[in-house]
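Visitor: This structure is in structure tokens; I'll ask about it shortly.
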Amino acid sequence: MSKPDFSSPSVVIQDLKNHIGQSIILRGWVANKREGKGIAFVIVRDGTGFCQCVVTPETANDDYLAVAQGLTLETSVVLHGVVKADEKQLGGIEIQVSQLDVVGISENYPIAKKEHGIEFLMDQRHLWLRSTRQWAIMRIRNTIIFAIHEYFQSQGFVQMDAPIFTGNACEGTSTLFETDFYGEAAYLSQSGQLYGEAMAMAMGKIYTFGPTFRAEKSKTRRHLSEFWMIEPEMAFYDIFQNMDCIEGFLQFVIGKVLAQCSAELETIGRDTSVLKSSLGSFPRMTYDQAVRIIKGEEEVNGVNSIKSLEDELGACEAKLQEIDAEIADREAKMATPGTKKGEIIFHQTKITQLKQEKTDIEEDLRNIPQWIASAKNFEYGNDFGGSDETVLTRLFDRPVMVYDWPHEVKAFYLKRNPSDDRFARGVDVLAPEGYGEIVGGGERETDLASLTAKIEEHQLPMESFEWYLDLRKYGSVPHAGFGLGLERLVTWVCKLKHVRESIPFPRMYGRLTP
Ligand code: 4AD
Ligand code: MG
């Protein structure tokens, strides 16, 4: 037998279309295999894509056919073959294999084709990343990261990095991870913003892009303990220019995903209509208006939030009855004597699908009454909870921006609205489809006395903010910025159920491995 060829030039799957009719070498892993009499179909993946490779005695000798037939999931291989165009195949390509050599055998690969529970898959994250769906999500994440840099670089921003060890709390003291920094208490950064402000005074427009940490002892679908944040900060920007920047930036990034990731979006079954409508302008509203909409006191395009939730509740109940009836009907057919085996399998598959649909509807049936109750009982002056964000954003087909928040619920560094000082000039961007907050930002307080008073009010240690206060003493200017949670954006763009699938190795309450 031959040995795997590591040294000759090879072609990656995404470039195969430029090599039709040529003999090439491909290196990758076995993602799937089917065999028939005297033939094997091997789906190979190499990180750039997936491709069907056919092994028959017509093009490969019998030894290679035997190797192909013995292949197991995730075995690594080097193969030689001719690239054929074939409309019916994945990516319109098929390889006719002439030589196939095993590099590393994979025995009893733990992730099988059958359904696995989420905790099992999370424990196998180091392997799970190889699966098609995870691969597609990570490619979309990569496109988003590149687009973020592309946007800010093209707009004259300078990327600068904020430290991770810090001596101060940016976003409140309750979510700090404390570490020992040569005998002194230090915290893992919750946000690079305060440093971003210093850097904007040096460079004009900057952005940071780094890991940030929040010790949040709660298991929700939106919270990670370690996540990546993009934080632009702009000198001479007010809150409205800040909102223009957020909107242009998000539209650019979403546009890139739509233009470059259509195959990945299709792989994960993402309906892209909402992403497309997000290329249009984002509604902007004050906190006051958002509260009226949530409580059903103001309509959005003729739709009342509470009424529409009640209607949906009714529709869910009707749908559930329909599903139950269909399941009963199929079960009866399966139990009828004389039903063919193929038919039974068909009904069984349908029933499994229906049960999944039922679980989703039952979840809505549990959630909607809670949303209605929390919307009706929302107390003016409070911060928005997850359900308030859901109630509001379900009325829109694109992100919405809510600004001018009661200053008591927002961070110490936000500027007050000069014409009504009950409000702080913060802005949250809430993603549609129930996703909620993806961006938090605002215009910064520039007045030294107000800032000092806020630091005292929040009972933060003044000493560790001395340097930050200096920025208000030496040529202070109006400025604003925001923070985008990368994983929150990826989660929404991919319409994932939980933020844990948006990052290669999630760190969250209850999970430190792998
Ligand atoms: O709203 P936050 O706390 O704002 C700040 O940190 C500001 N200093 C940003 C700034 O103005 N420069 O966080 C910003 C964003 C949130 O909107 C959310 O997308 C994300 O960071 N985020 C989280 N993502 C995942 N897990 C968590 N625990 C998160 N906490 C915040
Ligand atoms: Mg926030």
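The values are calculated or read from the model by the stated rules, or taken from the named source; none is laboratory data. Keep in mind it's a predicted model, so treat the numbers as computed, not measured. Backbone-built Cβ (ideal geometry, glycine too); neighbour counts: all protein chains shown. Areas reflect the complete protein model, heavy atoms only, side chains present, ligands, DNA and RNA absent. Shrake-Rupley method; radii C 1.70, N 1.55, O 1.52, S 1.80 Å.
Visitor: How high is the FRET efficiency from MET1 to THR72, r the C-beta distance, R0 25 Å, rounded to 0.05?
Guide: Values: r = 18 Å, r/R0 = 0.70.
It comes to 0.90.
Visitor: Between ALA112 and ILE39, what FRET efficiency comes out of the Förster formula 1/(1 + (r/R0)^6) with R0 = 25 Å and r the beta carbon distance, rounded to 0.05?
Guide: Step by step, r from the Cβ atoms, then E = 0.60.
Visitor: Taking amide H positions as placed 1.01 Å from N in the peptide plane, with prolines and chain starts having none, which residues 5 or more places from TYR237, or on another chain, fall under 5 Å of its amide H?
Guide: When sequence neighbours closer than 5 places are left aside, the close amide H contacts are HIS479, ALA480.
Visitor: Assuming R0 = 51 Å, can you tell me the calculated FRET efficiency for the pair ASN18 and TYR509, based on Cβ-Cβ distance, to the nearest 0.05?
Guide: 0.60
Visitor: Could you list which residues have their amide H under 5 Å from that of THR72, counting only those 5 or more apart in sequence or on another chain, with H placed in the peptide plane?
Guide: SER106
Visitor: Right, another one. Heavy atoms only, probe 1.4 Å: what % of the accessible area of segment 13-104 goes to carbon and sulfur, would you let me know? Let's see the in-between values first.
Guide: Values: 2020 of 4130 Å².
With neighbouring chains kept in place, the figure for segment 13-104 is 49 percent.
Visitor: Report the charge-dipole magnitude of the chain in Debye, nearest 20, computed about the Cα centre from +1 at each Lys and Arg Cβ and -1 at each Asp and Glu Cβ.
Guide: 1480
Visitor: Still on this model: Among MET234, PHE396, CYS170, whose Cα projects farthest towards the positive end of the dipole of the chain, with charges put on the beta-carbon of Lys, Arg (+1) and Asp, Glu (-1)?
Guide: PHE396
Visitor: Follow-up. For the chain, which longest stretch is free of loop sites, where a loop site is one of the chymotrypsin sites (Phe, Trp or Tyr not before Pro) that DSSP puts outside H, G, I, E and B and that has at most 15 other Cβ atoms within 10 Å? List each step's numbers first, then the result.
Guide: On the way: sites that count: PHE6, PHE177, TYR182, PHE236, TYR380, TYR474, TYR509.
Between exposed loop sites, the widest span is 7-176.
Visitor: So, in nm, how far is label SER174 from label GLN459 when the simple model puts each one 7 Å beyond its Cα toward the Cβ?
Guide: Each label point lies 7 Å from its Cα, and together they span 1.2 nm.
Visitor: Would you work out the relative contact order for segment 13-104, in percent, from Cα pairs under 8 angstrom that are 6 or more residues apart?
Guide: Relative contact order here is 32 percent.
Visitor: Projecting each Cα onto the charge dipole of the chain (Lys/Arg +1, Asp/Glu -1 at the beta carbon, about the Cα centre), which of THR352, SER98, ILE24 comes out farthest on the positive side?
Guide: SER98
Visitor: Leaving ligands, DNA and RNA out of it, report the carbon-plus-sulfur percent of the accessible area of segment 334-453 at a 1.4 Å probe.
Guide: Within segment 334-453, the accessible surface is 49 percent carbon and sulfur.
Visitor: Separate question: Report, in debye and to the nearest 20, how large the dipole of segment 88-208 comes out about its Cα centre when Lys and Arg carry +1 and Asp and Glu carry -1 on their Cβ.
Guide: My answer is approximately 680 debye.
Visitor: Per residue, how large is the accessible surface of the chain? Use a 1.4 angstrom probe and give square angstrom.
Guide: Accessible area per residue: 48 Å².
Visitor: What is the extension gain from GLN321 to GLN260, computed as 0.36 nm multiplied by their sequence separation minus the C-alpha to C-alpha distance, in nm to one decimal?
Guide: So the chain would gain 17.8 nm between GLN321 and GLN260.
Visitor: Counting only the backbone N, which residues of segment 171-214 are under 15 Å from the spot 7 Å out from the Cα of ILE145 toward its beta-carbon?
Guide: 209-212, by backbone N distance to the label point.
Visitor: Segment 1-83: which GluC sites (Glu not before Pro) are DSSP loop and have at most 15 other beta-carbon atoms within 10 angstrom?
Guide: Loop-located and lightly packed - GLU58.
Visitor: Ok, one more. Dipole of the chain (Lys/Arg Cβ +1, Asp/Glu Cβ -1, origin at the Cα centre): which of PRO418, VAL42, VAL490 lies farthest to the positive side?
Guide: The one lying farthest along the dipole's positive direction is VAL42.
Visitor: May I pose another question? If the cut-off is 20 Å between C-alpha atoms, which aspartates and glutamates fall inside it for LYS473, apart from same-chain ones fewer than 8 positions away?
Guide: Filter leaves GLU197, GLU233, ASP238, GLU443, GLU445, ASP447, GLU456, GLU463.
Visitor: Which ³J(HN,Hα) values in Hz, rounded to whole numbers, follow from the phi angles of segment 490-503 under the Karplus curve 6.51 cos²θ - 1.76 cosθ + 1.60, where θ = phi - 60° and Gly and Pro get x?
Guide: 4, 4, 5, 4, 8, 6, 7, 6, 8, 5, 4, 8, 8, 10
Visitor: Can you list the HN-Hα couplings for segment 77-87, worked out from phi with the Karplus curve (6.51, -1.76, 1.60; θ = phi - 60°), rounded to whole Hz and with x for Gly and Pro?
Guide: Whole-Hz 3J(HN,Hα) from phi for segment 77-87: 9, 10, 10, 10, x, 10, 7, 10, 7, 8, 3.
Visitor: Turning to a different aspect of this structure: Would you calculate a helix-derived [θ] at 222 nm for the chain, using -39,500 (n - 2.57) for each DSSP H run of n ≥ 4 and dividing by the full residue count, to the nearest 500?
Guide: Details: 15 runs with 191 residues, N = 514.
Taken over the chain, the calculation gives -11500 deg cm²/dmol.
Visitor: Between helix 448-457 and the chain, what is the angle of the helix's C-alpha long axis to the longest principal axis, kept within 0 to 90° and rounded to the nearest 10?
Guide: Helix 448-457 and the main axis of the chain meet at about 70 degrees.
Visitor: Using the alpha-carbon atoms, what tilt in degrees (0 to 90, nearest 10) does helix 341-376 show relative to the longest principal axis of the chain?
Guide: So the helix axis and the longest Cα principal axis differ by about 0 degrees.
Visitor: As a quick test, which of the pairs LYS307/LYS358; LYS84/LYS114; LYS88/LYS113; LYS37/LYS84; LYS88/LYS358 have an alpha carbon distance above 28 angstrom in this structure?
Guide: Checking Cα-Cα distances, LYS84/LYS114; LYS88/LYS358 exceed 28 Å.
Visitor: Compute the distance in nm between two label points, each set 7 Å from the Cα along the Cα-to-Cβ direction, one at MET334 and one at ASN304.
Guide: 4.4
Visitor: Same structure again: Restricting attention to segment 189-287, which trypsin sites (Lys or Arg not before Pro) occupy a DSSP loop and are surrounded by at most 16 other Cβ atoms within 10 Å?
Guide: LYS217, LYS219, ARG221
Visitor: Another question, then. How high is the relative contact order of the chain? Use alpha-carbon pairs under 8 Å, at least six apart in sequence, and give a whole percent. If you can, show how the numbers build up before the last one.
Guide: Values: 900 pairs, mean separation 69.8, N = 514.
It rounds to 14 percent for the chain.
Visitor: Exactly which GluC sites (Glu not before Pro) in segment 361-405 are in a DSSP loop and have at most 15 other Cβ atoms within 10 Å?
Guide: Answer in residue order: GLU379.
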